[in-house]
Each structure stands twice: as structure tokens, then as C-alpha cells.
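In what follows, a structure is listed as C-alpha cells, so that the remarks can point back to it.
The values are calculated or read from the model by the stated rules, or taken from the named source; none is laboratory data. From a predicted model like this one, the values you see are computed outputs, not experimental measurements. Every residue, glycine among them, receives a Cβ derived from its backbone with ideal geometry; neighbour counts consider all protein chains shown.
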Amino acid sequence: MGSYLVPRLVESGHEVLQVSRQQRSPYQPHGAWKQVRQVSIDRTPAEEAGTFGDQIAALQPDAVIDMICFTLASARHLVAALRGQIRHFLHCGTIWVHGPSSLVPTTESQPRHPFGDYGIQKAAIEAYLLEEAQRGHFPATNLHPGHIVGPGWVPLNPAGHFNPQVFVDLANGEEVALPNLGMETLHHVHADDVAHAFTQALAHWSSAIGESYHVVSPAAVTLRGYAEAVAGWFGRPARLRYLPWDVWRQSVRPEEAQATWDHIAHSPHCSIDKARRQIAYSPRYSSLQAVRESLDWWLAAQQR
Ligand SMILES: NC(=O)c1ccc[n+]([C@@H]2O[C@H](COP(=O)([O-])OP(=O)(O)OC[C@H]3O[C@@H](n4cnc5c(N)ncnc54)[C@H](OP(=O)(O)O)[C@@H]3O)[C@@H](O)[C@H]2O)c1
């Protein structure tokens with residue numbers, strides 16, 4: 001996501017320091033990277049040694065955007081080091097802080113019922129940061145992206161997993177099986193819209209501190225609607241078959257079944273009204289437009 005966020009921050013006039021292990025390069029080249037100071041820190045051993053927070057504080061940032069916090073202990077460690085030192089802290093969460101959808105579109109104010117370690121930890125981090133911020137102890141904002149897509153990502157497919165063969169089958173007019181009635185939902189977002197949300201939250205800091213925002217496209221897709229759209233991009237009618245979950249899961253690899261289960265058990269469908277209102281979030285991409293760009297990137301990469 002930094003591939004999209006860092007250039008946007010530079011273009012907004014921020015002086016940017018990027019902290020990573022320097023193991024990966026941006027998904028897309030951009031001249032803005034020349035203006036970015038690279039700082040090499042491996043968070044995992046630094047946290048184990050209890051030095052990570054102090055290393056970040058020593059950089060004397062005005063704002064910190066934490067893209068890779070996955071445990072409450074990790075969040076507490078960083079907050080302890082940065083308390084009183086920064087003007088704004090942005091945490092990258094996930095829409096999986098919600099468990100299964102109930103009233104949809106889901107709003108940020110609905111009670112959290114997360115499941116799975118990832119969602120449970122992210123919900124605990126969110127609750128902790130909101131508590132700290134709302135008591136005036138720490139200037140935190142939570143941004144919760146949906147399923148991120150865009151050039152650089154193999155998109156989450158219409159069967160709810162990551163095997164790109166589903167796209168190939170739809171493009172070739174082959175039959176594709178979907179679980180249940182194909183009416184469960186996915187909620188994608190383009191990585192550049194996520195980057196836009198972070199820059200908007202920074203710019204609207206006085207509204208954003210102590211708040212959480214969904215960062216998704218304007219509307220979720222059903223598996224079925226998504227599959228039909230993909231087939232249509234290739235001039236095909238979608239040949240879809242619907243199988244009860246217990247039958248469907250036997251038709252794919254165990255890791256695919258697990259990914260699909262995780263996605264359809266959440267069936268996210270999140271509202272962006274609050275982000276639109278408070279931080280002027282204005283996504284450029286619908287779910288299908290975002291997936292299409294991602295898929296075009298992946299298809300081009302196959303031909304190189
Ligand atoms: N992917 C999704 O669909 C999705 C959806 C919702 C929310 N999210 C959230 O998005 C956030 C980031 O996701 P992402 O997909 O952008 O992650 P990512 O592609 O894995 O990027 C992580 C970044 O952090 C750096 N990094 C990784 N481990 C590190 C370490 N131990 N120490 C220092 N730097 C490290 C990586 O660079 P180096 O490897 O060079 O260190 C990279 O720049 C996470 O908080 C995740 O929960 C993701």
C-alpha cells in the first residue's frame with residue numbers, strides 16, 4: 001500500500017520517512033521516492049528488544065502511519081514511546097474488525113463481533129486506540145480497508161479466494177462453481193483509494209482523531225454479480241453452478257476453501273458515509289473498476 005500512499009504524501013507536501021526492512025521495492029515506479037528518506041528497521045526483533053518505539057520516536061515525526069501492526073502488545077509498545085511526541089497517529093486496521101454482517105451497510109458505530117485471530121487482534125487494537133484518543137491521551141485514527149486490489153495485487157476472486165484460475169475460467173466461458181447461492185458479499189477497495197483515505201485523514205486531523213473509518217469502494221459485490229461481470233469483460237455469459245458449502249469446499253484446495261470461508265463468513269458490506277462526511281473520502285473506483293485494473297495488471301504480468 002505504501003506504493004500508492006508514499007507518492008500521495010509527497011505530492012501533498014509532506015516530508016516522508018519510510019520505515020521498512022528494505023526488502024521490497026514499490027509496485028510502481030514514481031519520482032516521489034527520490035524525496036523519501038528510507039529508514040531500515042525490522043520491527044519484529046526491534047519490538048522483542050523493546051527498542052522499536054524509541055527508534056520511531058527518535059525520528060521526531062509529526063505524524064506516524066502504522067501500516068503493519070497486528071497485535072495489541074505491538075500497538076501498546078508504540079503508543080508508550082510516542083505519547084506526547086506526535087500530532088497524529090494513523091493505524092491501518094481492517095473491515096474484519098466486524099465479524100459477520102448484521103445490519104448492512106455496516107457502520108463504524110456497530111458493535112464489534114470479530115472472529116479469527118487477525119480480526120480479533122485488529123479489533124482489540126482499534127478499541128485500545130479509540131480509548132486512548134477519546135480520553136485525550138493519544139491522537140489516534142483507525143482506517144479500515146476492505147479487500148485491497150490494484151496493480152500489484154492478484155485480486156480476491158469471485159469464488160472468494162486468491163487462485164487466479166477462476167478469472168481464466170470465466171474469461172474462457174468455462175463453468176465456475178460458487179458456494180451456496182452466490183449471494184454472499186465481498187467488499188474491495190483500490191489501493192490508491194486507501195492511500196487517498198490516509199491523506200484525507202491526515203488533512204482532516206481535527207475531525208479524525210478518536211474516530212474509525214471504513215475505507216472501501218462505494219458498494220460491495222455479491223459473488224454471483226462479480227462472476228457475471230468478469231465473464232462479461234471477456235464477452236462471455238457466466239456459466240455458474242451453485243453448490244452447498246460442504247460440497248463446494250471439496251471441489252477446491254484446502255487453502256482456497258479456507259480463504260473463501262473467511263471471506264463469506266464475514267460477507268462485508270460496509271458504509272463509507274462517515275468517511276465521506278468527516279474526512280471527505282471520495283473513492284475513484286467502484287469495486288468492479290478496481291478489480292478490473294488489478295486483473296489487467298495480472299494478465300499483462302503473465303505475458304511478460
Ligand atoms: N491486503 C489486504 O487486502 C488488506 C485488507 C485490509 C487491511 N489490510 C491491512 O493493510 C496493512 C498492510 O497491508 P499490506 O498488504 O500493504 O502489507 P504488505 O504489502 O505486506 O506491506 C507491508 C510493508 O511493511 C514492510 N514490513 C513488513 N514487515 C516488516 C517488518 N518486520 N519490519 C519493518 N517493515 C516491515 C514491508 O516492507 P519490507 O518487506 O521491505 O520490510 C512493506 O513495505 C496491514 O495492517 C493489513 O492488516 C490489508
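Got at least one residue in the stretch 16-32 being in a helix (DSSP H, G or I), crowded, with 17+ Cβ neighbours inside 10 Å and of a type in the set (Gly, Ala, Ser)?
Here is the first cut: in the stretch 16-32, the residues in a helix (DSSP H, G or I) are 31-32.
The next check asks that each one be crowded, with 17+ Cβ neighbours inside 10 Å; those that pass are none.
Within the stretch 16-32, not a single residue is in a helix (DSSP H, G or I), crowded, with 17+ Cβ neighbours inside 10 Å and of a type in the set (Gly, Ala, Ser).
Quick one: which residue in 90, 82, 130 is out of contact with any Pro (no Cβ under 7 Å at 6 or more places or on another chain) and without any contact (Cβ under 8 Å) to a residue 60 or more places away in the chain?
Numbers: 90 fails: without any contact (Cβ under 8 Å) to a residue 60 or more places away in the chain; 130 fails: without any contact (Cβ under 8 Å) to a residue 60 or more places away in the chain.
The unique qualifying residue is 82.
Does the stretch 23-44 hold any residues that are of a type in the set (Lys, Arg) and at pLDDT 95 or above, and which are they? Outline the logic, then answer.
First, the residues of the stretch 23-44 that are of a type in the set (Lys, Arg): 24, 34, 37, 43.
Result: 37, 43.
State whether the residues of the stretch 107-121 include one that is away from the ligand (no atom under 16 Å from the Cβ), touching a Gly at 6+ places or on another chain (Cβ under 8 Å) and more than 23 Å from residue 41 (Cα to Cα). Write out each step before concluding.
Applying the first criterion (away from the ligand (no atom under 16 Å from the Cβ)) to the stretch 107-121 yields 107, 109-111, 113.
Restricting the remaining residues to those that are touching a Gly at 6+ places or on another chain (Cβ under 8 Å) gives 113.
In the following step, the residues that additionally are more than 23 Å from residue 41 (Cα to Cα) were identified as 113.
Checking the stretch 107-121: at least one residue is away from the ligand (no atom under 16 Å from the Cβ), touching a Gly at 6+ places or on another chain (Cβ under 8 Å) and more than 23 Å from residue 41 (Cα to Cα).
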Q.
Residue pairs, Cβ under 6 Å, 6 or more apart or interchain, first in the stretch 1-27 and within 8 Å of the ligand (Cβ to nearest atom), second outside any helix (DSSP H, G or I) and not small (Gly, Ala, Ser). List them.
A. 18/36; 18/38; 19/39; 19/41; 21/42
Q. Restricting attention to the stretch 42-59, which residues are charged (D, E, K, R) and either within 11 Å of the ligand (Cβ to nearest atom) or over 14 Å from residue 81 (Cα atoms) (or both)?
A. 42, 43, 47, 48
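Take residue 42 and decide whether it is free of Cβ contacts under 8 Å to residues at least 24 places away in the same chain and farther than 22 Å from residue 4 by Cβ. Even if it seems obvious, please write down each step before you answer.
Values: free of Cβ contacts under 8 Å to residues at least 24 places away in the same chain: yes; farther than 22 Å from residue 4 by Cβ: yes.
Considered against the rule, which asks whether it is free of Cβ contacts under 8 Å to residues at least 24 places away in the same chain and farther than 22 Å from residue 4 by Cβ, residue 42 comes out as yes.
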